[in-house]
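See below for the structure under consideration.
Please treat every number below as a calculation from the coordinates, not as lab data. The model shown is predicted, which means the values in this text are computed figures rather than measured ones. Every residue, glycine as well, gets a Cβ built from its backbone with ideal geometry; the counts of neighbours run over all protein chains shown.
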Amino acid sequence: MLQILDARRALGDKVLFDSLFLSVRPGECAAVVGPNGAGKSTLLRCVIGDEILDAGTVRVDERVPDDTSPHFRSAVAFDLGDDATFFDLTVAEHLRLVLRLHRCAERSATVDWILADAGLAEVADRYPHTLSTGQRQRFSLAVVFMRSARLIVLDEPEQGLDVDGRGWLIGKMAESRAAILVATHSAEIQKSADIVVRIGER
Ligand SMILES: Nc1ncnc2c1ncn2[C@@H]1O[C@H](COP(=O)(O)OP(=O)(O)OP(=O)(O)O)[C@@H](O)[C@H]1O
């Protein structure tokens, strides 16, 4: 589903990654790990078509990432921490909107189910900007997992989550049929991944 072939990205003299190969099939999870500033988020941005490699190729469903392509946008769900929400829509209304606009996974066919699953039932009628950090993170992740995306890209999804939230996240990743690429500092997520890619480590 996701293929990265001989990828290289440098910033000036600093090589973030080079000769990087990765293949992630549906139902598999690849964790990208490494120290702060190593280039994990940069790699993720190259995968979602937000940034371009200096060398090598990324293929999603055999195609070059193109964030202007309807096929690419429906195939890929990502949360890179950008937190884009409508100021005047509640949590439940956001979920209803996504349910209408995207083909969504069978089990998450109702807003009530998604809210309960994500532990957000109590804040269904609140606006996203009024949520706590962890609640916002659960909300962002719920929006990603409710879709039937073929590729899921997550940047440090563990941020702000409590123990239950991290357990919920790992469960969602494990049951997903998508290929998952996740940049993380969490040992739990790294442990649960099928593939671990290390960048910036000697
Ligand atoms: N907009 C930018 N302009 C210039 N340099 C940038 C920009 N964004 C990131 N960088 C630099 O690119 C390098 C890689 O950053 P990146 O965010 O990919 O690292 P990371 O591995 O995700 O780090 P962290 O674990 O801290 O999130 C860092 O040296 C960073 O300072």
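Observations, loosely collected:
- Ranking of THR130, THR184 by count of other Cβ atoms within 10 Å, fewest first: THR130, THR184
- Surrounding net charge for GLN137, when Lys and Arg each add one and Asp and Glu each subtract one, Cβ distance under 9 Å: 0
- Residue by residue, region 184-193 carries 3J(HN,Hα) couplings of 8, 10, 8, 5, 5, 5, 4, 5, 7, 7 Hz when phi is fed to the Karplus relation 6.51 cos²θ - 1.76 cosθ + 1.60 (θ = phi - 60°); x denotes Gly or Pro.
- Annotation: lysines with alpha-carbon distance below 16 angstrom to LYS191 (same-chain offsets under eight excluded): LYS172.
- Taking the fewest neighbouring Cβ atoms within 10 Å as the starting point, the ordered list for GLU62, GLU122, GLU158, GLU188 is GLU62, GLU122, GLU188, GLU158.
- Rounded to whole numbers, the Karplus 3J(HN,Hα) couplings from phi for region 87-94 are 5, 10, 10, 6, 4, 4, 5, 4 Hz, using 6.51 cos²θ - 1.76 cosθ + 1.60 with θ = phi - 60°, and x at Gly and Pro.
- Among VAL182, VAL98, VAL15, residue whose mean-square fluctuation peaks in a GNM of the chain (springs only between Cα atoms under 10 Å): VAL15
- With bins 10 Å wide beginning at 0, the percent of Cα pairs of region 125-202 falling in each bin runs 17, 51, 27, 5, 0.
- The gain in end-to-end length when the HIS129 to GLU93 segment is fully stretched comes to 11.6 nm, 0.36 nm per residue minus the alpha carbon separation.
- For the chain, the Cβ-based charge dipole about the Cα centre amounts to some 360 debye (Lys, Arg positive; Asp, Glu negative; other atoms uncharged).
- Region 146-202-region 39-61 distance, computed between alpha-carbon centres (Å): 18
- Straight-distance candidates among the aspartates and glutamates for linking to LYS40, with alpha-carbon spacing under 17 Å and chain neighbours fewer than 8 residues away dropped: ASP6, ASP18, ASP50, GLU51, ASP54, ASP79, ASP82, ASP155, GLU156, GLU158, GLU201.
- Relative contact order, whole percent, for region 2-198 stands at 31, derived from Cα pairs under 8 Å and 6 or more residues apart.
- Sorted from greatest to least, the principal axis extents spanned by the alpha carbons of region 2-198 come out as 49, 34, 30 Å.
- Taking every alpha-carbon pair within region 1-100, the share separated by more than 23 Å comes to 36 percent.
- Directionally averaged projected area (convex hull, Cα atoms, region 5-44), nm²: 3.1
- Table column - 3J(HN,Hα) (Hz), region 41-49, Karplus curve with 6.51, -1.76, 1.60, x for Gly and Pro: 5, 4, 4, 4, 5, 5, 6, 8, x
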